[in-house]
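Here's the structure, in structure tokens; my notes come after.
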Amino acid sequence: MRKEAEGKTRIVILGAGFAGVYAYLRLHKLLHDTKEKHITFISERDLFTFVPMIHEVATGTLLPSSITQSIRSLPPCCLNRFIEARVMRVDIDAKKILVHHLNPEAPDPGKRIKEVSEEEVPFDYAILALGSDVNFFNIPGAKEHTLTLSTLEDARRVKNRIIESFEQAQITKSEAEKRRLLRFVIAGGGLTGVELAGELADLLHGELKKAFPLLYPYAEIHLYEGRERFICFANEWFGNRAFQILSSKHVRVFCGMPLSEVSSEGIHAGGEFVPAGTVIWTAGVQAREIEIVSKKRVLKDVKSRRIKVNEYLQVLSYPYLFVAGDQAWIEKKERDQPYPMRAQFAVREGEVAAENIVRLMSKKALKEFFWRDKGLLVSVGKGTALAEVSGIQFSGVLAWVLYRVAYLLKIVGLRAKFRTALEWILNTFLPRDISKL
Ligand SMILES: Cc1cc2nc3c(=O)[nH]c(=O)nc-3n(C[C@H](O)[C@H](O)[C@H](O)COP(=O)(O)OP(=O)(O)OC[C@H]3O[C@@H](n4cnc5c(N)ncnc54)[C@H](O)[C@@H]3O)c2cc1C
């Protein structure tokens, strides 16, 4: 529903991810009793996706609907309008956002722009929270010949490709071609790569072995990491344990070996060519870029493209524009480092940005952003996870149960929580779903 602003303060949230949704929930909490409610939400999909569990959709443990929540089912009383559109430009001085409406008929969301339909959305305050994009590090062929894993559409493509590879291998006579088709390479041993490798190994040695017994001996999973260890941003223990667990699941693990080229036939790494039918790119992200028009310079970190903001999450020189989540570069006071691009930080940043807008409206002192890492949970397939809580590291079933409980609490929406819990329970006793999505 669209209501006129009628002198109210117009707040626009860009991006319905962790930062955007939690910013809205905080604004709702602070403003629902007041008349100062003119909040517009803009995102290219009408749903929130719980991105950290996307690898479970790609490997058949969860269905897409388990990790999504409709934006329109958020508390509606404070929402003036939800606009399903792609943000193209933010004109900071003019306080206007240009959006392109999307073509709902297009199957590929990447091609959903409807050129004819665009709109300018005015704002008094805005929170920029458009998340991140894949970084291919200019590696030749990576963009053209790999599958990415950061959206629901990506997860569908990955799952379908895994099953199709087996179907293709069934009709191929050549032994070498069977091996190539069934060699699954994961490029990047960060959180996503490790979690995907663990789940994919379980899928391969479980349901796919039963469904394709004659092809199973040809199948291999390779995980390549360019740095010396997996999950390199975390304590060394995580990388070492991940290496051990994945090796025990027959994943061929390579550290210190970045991919130098990708082609339709395979990959080049460590001076060798490795034939592979599927390469899944989990090697890196950078902040999403959109056009920003401003008279004063908006500073960005060159490498990560994140926008530099002050401790209150305001863009330097533009106090009415906030940035939260993966797009924000907030330097930690104690170390010359930005806060990491992770979900728990995005949630808190969204909340603090929302709170500071309300404080600006009521002329109160702003709140500084500060967040101490609550720990790290990494699943490595069924029944195994790695955990660090209050500085204590442990792995195994207990860590896995903790991972599931923690994530269940974080999933937005009761329906999604129940669906996820139900599917996890079913998967404990029944095979995963290996139909294409
Ligand atoms: C596969 C994967 C696994 C991960 N695993 C973990 C994990 O285990 N633990 C952890 O802490 N972190 C993990 N992360 C990182 C975590 O998901 C991000 O840090 C977090 O999602 C950032 O939140 P955000 O709100 O900035 O962006 P997002 O949650 O990505 O939300 C951005 C939103 O903006 C929308 N959008 C983007 N561009 C436009 C546009 N131009 N116009 C309109 N809308 C747009 C998107 O559709 C999306 O709704 C993972 C990330 C990925 C990709």
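FYI, it's all coordinate maths here, none of it is from the lab. Nothing here was measured: the structure is a model prediction, and the numbers come from that model. Heads up, the Cβs are rebuilt from the backbone with ideal geometry, glycines too, and the neighbour counts pull from every protein chain shown.
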Exercise. Which of the pairs K96/K410; K96/K308; K364/K410; K8/K363; K143/K417 have their Cα atoms more than 26 Å apart in this structure?
Worked result: K96/K410; K364/K410; K143/K417
For this session: Specify which residue in the list P217, S248, S264 is farthest towards the positive end of the charge dipole of the stretch 142-283, using unit charges on the beta carbon of Lys, Arg (+1) and Asp, Glu (-1), about the Cα centre.
Result: P217
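Within the stretch 341-410, list the trypsin sites (Lys or Arg not before Pro) lying in a DSSP loop whose Cβ has at most 11 other Cβ atoms in a 10 Å radius.
Working: sites: R342, R348, R359, K363, K364, K367, R372, K374, K382, R404, K410; in loops: R342, K363, K364, K367, R372, K374, K382.
Listed in order of number, the matching sites are K363, K364, R372.
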Exercise. Arranged by the count of other C-beta atoms within 10 angstrom, fewest first, what order do L191, L223 take?
Worked result: L191, L223
Exercise. Can you give the translational diffusion coefficient of the stretch 374-432 in µm²/s, computed by Stokes-Einstein from the Kirkwood radius over Cα pairs at 37 °C and 0.692 mPa s?
Worked result: 271 µm²/s
For this session: Could you pull out the GluC sites (Glu not before Pro) across the stretch 196-241 that fall in loop regions by DSSP (anything but H, G, I, E, B) with no more than 13 other Cβ atoms inside 10 Å?
Result: E228
For this session: Could you size up the charge dipole of the stretch 1-95 around its Cα centre, putting +1 on the beta carbon of Lys and Arg and -1 on that of Asp and Glu, and report it in debye to the nearest 20?
Result: 260 debye
Exercise. Given the C-alpha centroids of the stretch 390-437 and the stretch 177-218, what is the distance between them in whole angstrom?
Worked result: 21 Å
For this session: Please report the base-10 log of the normalised intensity I(q)/I(0) for the chain, using a Debye sum with one equal scatterer per alpha carbon and no solvent, at each q in 0.07, 0.10, 0.11 (1/Å).
Result: -0.36, -0.74, -0.89
Exercise. How large is ³J(HN,Hα), in whole Hz, for each residue of the stretch 177-192 in order, when computed from phi with the Karplus curve 6.51 cos²θ - 1.76 cosθ + 1.60 and θ = phi - 60°, using x for Gly and Pro?
Worked result: 5, 4, 4, 5, 4, 9, 9, 9, 9, 10, 9, x, x, x, 3, 5
For this session: Run the dipole for the chain about the Cα centre, Lys and Arg Cβ at +1, Asp and Glu Cβ at -1, nothing else charged, and hand back the magnitude in debye, nearest 20.
Result: 920 debye
For this session: Please get the size of the charge dipole for the stretch 142-283, origin at its Cα centre, with Cβ charges of +1 on Lys and Arg and -1 on Asp and Glu, quoted in debye to the nearest 20.
Result: 280 debye
For this session: Please work out the C-alpha center-to-center distance from the stretch 264-306 to the stretch 361-383 and express it in whole Å.
Result: 25 Å
Problem set entry | Long-range HN-HN contacts of I186 with modeled amide H, under 5 Å | H222, L223, Y224, I280
Seminar exercise, completed: Fewest-first ordering of T34, T146, T428, T40 by Cβ atoms within 10 Å yields T428, T34, T40, T146
Seminar exercise, completed: Relative contact order as a percentage, the chain, C-alpha pairs under 8 Å and 6+ apart, gives 19 percent
Problem set entry | Residue order, fewest to most surrounding Cβ atoms within 10 angstrom, among I434, I292 | I292, I434
